[in-house]
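Since every read-out is calculated from the coordinates, none of them should be taken as a lab result. Here the structure is a predicted model, which is why all the values come from computation and not from measurement. Please note: Cβ atoms are built from the backbone with ideal geometry, for glycine as well, and neighbour counts cover all protein chains shown.
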Amino acid sequence: MRDEPNDWESRAEANSFYGFTDLPSVRRRGTVVVTHGEGPYIFDTRGRRYLDANSGLWNMVAGFDNPKLAEAAKAQYDRLPGYHAFFGRMSDQTVMLSERLIEVSPFERGRVFYTNSGSEANDTLVKMLWFLNAAEGRPEKRKILTRVNGYHGVTVVASSMTGKAYNSVFGLPLPGFVHLTCPHYWREGRLDESEAEFTARMAAELEETISLEGAETIAAFVAEPVMGAGGVIPPSEGYFQAIAPVLQRHGIPLVADEVICGFGRTGEAWGCQTYDFMPDAIIASKAMTAGYFPMGAVILGPELADRLQAASDAIEEFPHGFTASGHPVGCAVSLAAIELILDDGLLENVRRLTPRFEAGLAELARKPNIGEWRGKGLMGALEAVADKENRTPFASELSVSERIANTCTDHGLICRPLGQSVVLCPPFIMTDAQMDEMFEKLEGALDQVFNEVA
Ligand SMILES: *Cc1c(COP(=O)(O)O)cnc(C)c1O
């Protein structure tokens, strides 16, 4: 690998700082330096081709060379390459995107606020709630409830919302961020507990937490419809139907973090539609621009929109915003992405491919070292286990999921290790043949690694 003294890998390592990267592994294997893409494939500086079964980071749902998205960006760069949304000015593209987002949202009306990322959208939502609660005379209504394994981003508030142990190295979460149990029946369900009983226990835990903390101190409950970066964890049966009434009874908004689920990933436009619940607000990003521009949004439903408007009117502004909020190029790209997904057949292809995807996962889950498969729409995971019956994980020193993902990479397939599971999140443009290629390569890697470790 390290044959040339000034190769791409060494140059990458010399000058770039890596986030969310296993450093011993990258030092041993070298960085994959990506040059271009074609459909669902990426190519590196060594001319190797990889089928990216993770859509980049869940976001490149239209693949890596979509002409409509590139055209939309180019046309907007020629017309108005950048503008802000402060001081009573905003681009025409921003106006059109907000109309479109409300139209495709589950809300009959509402308001949109733009950010550059999902993390910033979560931080923005929390600031909105802190601001409007204070304006309404309830400054103590600030706590945020989320779940263990929930992923909400990396800014300080979004990290505090995220239910992952790794944030302890930053001294996070901040006080006032409370993490409930992950609603993963296979892992968290007790012996002899039915799935319905498990769901009821999750709702009871929420009820207890609210009475312990005090409803008057809780600003919101924020949840991904399907947990993504926590390992692709769909909620237990009936979960949202069980918790939504509890929140409603206590006057606590339910916010759907749709950064992964939004725009078709689960087979409906929104994850909350797949799971049949009505949130008070939606957090969007990732597929919103099909990954062709960094952008996120908070979409407030009618009630929160009205309350935020009233709070803002009271002091004559909402003192928040990013320089690039509502960037015209991002908005033009997002309008094109939404059209591709909802009108030009990408969502349809998600639905068409889902049975094939599920069948492929279920087939691999028959292996003795796969404990379960799980997923919804085109997001899925296989959980590796040392002992299937007792659901015993492999020793963590074996880094089994990391080895599987590395072996896949060697065979030209990109998938992602998460805990002891391997995650697949294919782009919406995949063909049947590409999906078959994905499963063949994954099966080869699973067999190779389980032969070595089991
Ligand atoms: C990726 C993600 C975020 C954070 O988005 P960034 O753009 O990386 O800041 C937030 N919530 C969910 C559910 C995500 O998957």
Sparsely packed GluC sites (Glu not before Pro) within segment 86-137, loop by DSSP, other Cβ within 10 Å at most 13
E108, E136
Positive end of the charge dipole of the chain (Lys, Arg +1 and Asp, Glu -1 on Cβ, about the Cα centre): tell me which of S16, L424, N451 has its Cα farthest that way.
S16
Can you give the FRET efficiency to the nearest 0.05 for V34 and T431, using r as the Cβ-Cβ distance and R₀ = 22 Å?
0.55
Can you list the residues of segment 219-245 with backbone N under 14 Å from a point 7 Å past the Cα of A365, pointing along Cα to Cβ?
232-237
Can you pull the semi-axes for segment 252-323, root of five times each eigenvalue of the Cα gyration tensor, sorted largest first, whole Å?
25, 18, 7
Just for the Cα atoms in segment 70-342, what are the lengths along the principal axes, largest first, rounded to whole Å?
63, 41, 40
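For the pair A12 and A75, what calculated FRET efficiency results from E = 1/(1 + (r/R0)^6), where r is the Cβ-Cβ distance and R0 = 30 Å, to the nearest 0.05?
0.35
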Fraction of alpha-carbon pairs in segment 155-275 farther than 25 Å apart, rounded to whole percent, equals 25
Calculate, for A215 and H320, the FRET efficiency according to 1/(1 + (r/R0)^6) with r their C-beta to C-beta distance and R0 35 Å; round to the nearest 0.05.
0.85
Scaled to the compact-protein estimate 2.2 N^0.38 Å, what is the alpha-carbon radius of gyration of segment 317-440, rounded to two decimal places?
1.37
Subtracting the Cα-Cα distance from 0.36 nm times the residue separation, let me have the gained length for K127 to R352 in nm, one decimal.
77.0 nm
Could you point to the residue in Y114, S98, F322 farthest towards the positive end of segment 70-342's charge dipole, with +1 and -1 charges on the Cβ of Lys/Arg and Asp/Glu respectively?
F322
Quick one: dipole size for the chain, taken about the Cα centre, charges +1 on Lys/Arg Cβ and -1 on Asp/Glu Cβ, in debye to the nearest 20.
640
Pairwise label distance in nanometres, E389 with E103, each label 7 Å out on the Cα-Cβ vector:
5.9
Starting with the fewest neighbours, write out D432, D44 ranked by other beta-carbon atoms found within 10 Å of each beta-carbon.
D432, D44
Proximal lysine pairs in segment 70-342, meaning Cα under 29 Å and 8 or more positions apart or interchain, come to 9
Arrange the peptides 196-205, 159-168, 210-219, 8-17 so that the one whose residues have, on average, the most other Cβ atoms within 10 Å appears first.
159-168, 196-205, 210-219, 8-17
What number, rounded to the nearest 500 deg cm²/dmol, is the helix-based mean residue ellipticity at 222 nm of the chain, given -39500 (n - 2.57) per DSSP H run of at least four residues and division by all its residues?
-12500 deg cm²/dmol
Taking a label point 7 Å from the Cα of M96 along Cα-to-Cβ, the residues of segment 277-291 whose backbone nitrogen sits under 16 Å from it are 289
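Take the alpha-carbon positions of segment 35-83, form their convex hull, and give its projected area averaged over all directions (one quarter of the hull surface) in nm².
Quarter of the Cα hull surface area: 4.3 nm².
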Quick check: pseudo-label points 7 Å beyond the Cα along Cα→Cβ at R89 and R187, how many nm apart are they?
4.8
Could you calculate the contour length gain from A204 to S168, that is, 0.36 nm times the residue separation minus the distance between their Cα atoms, to one decimal place in nm?
10.2 nm
When all C-alpha to C-alpha distances in segment 1-129 are sorted into bins of 5 Å, what percent of pairs does each bin hold, rounded to whole numbers?
2, 7, 11, 13, 16, 14, 13, 10, 8, 4, 1, 0
Return the ratio Rg/(2.2 N^0.38 Å) for segment 289-337, where Rg is computed over Cα atoms only.
1.41
Segment 216-255, relative contact order [Cα under 8 Å, separation at least 6], %
55
Please report Rg (one decimal) and Dmax (integer) in Å for the Cα set of segment 367-434.
12.8, 38
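Could I get the Rg over Rh figure for segment 218-294? Both from C-alpha atoms, Rh via Kirkwood, rounded to two places.
Working: Rg = 12.6 Å, Rh = 12.8 Å.
Reported Rg/Rh, Kirkwood definition of Rh: 0.98.
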Contact order relative to length of segment 70-342, as percent, for alpha carbon pairs under 8 angstrom and 6 or more apart:
30
Within the chain, percent of DSSP bridges classed antiparallel, to nearest 5
65
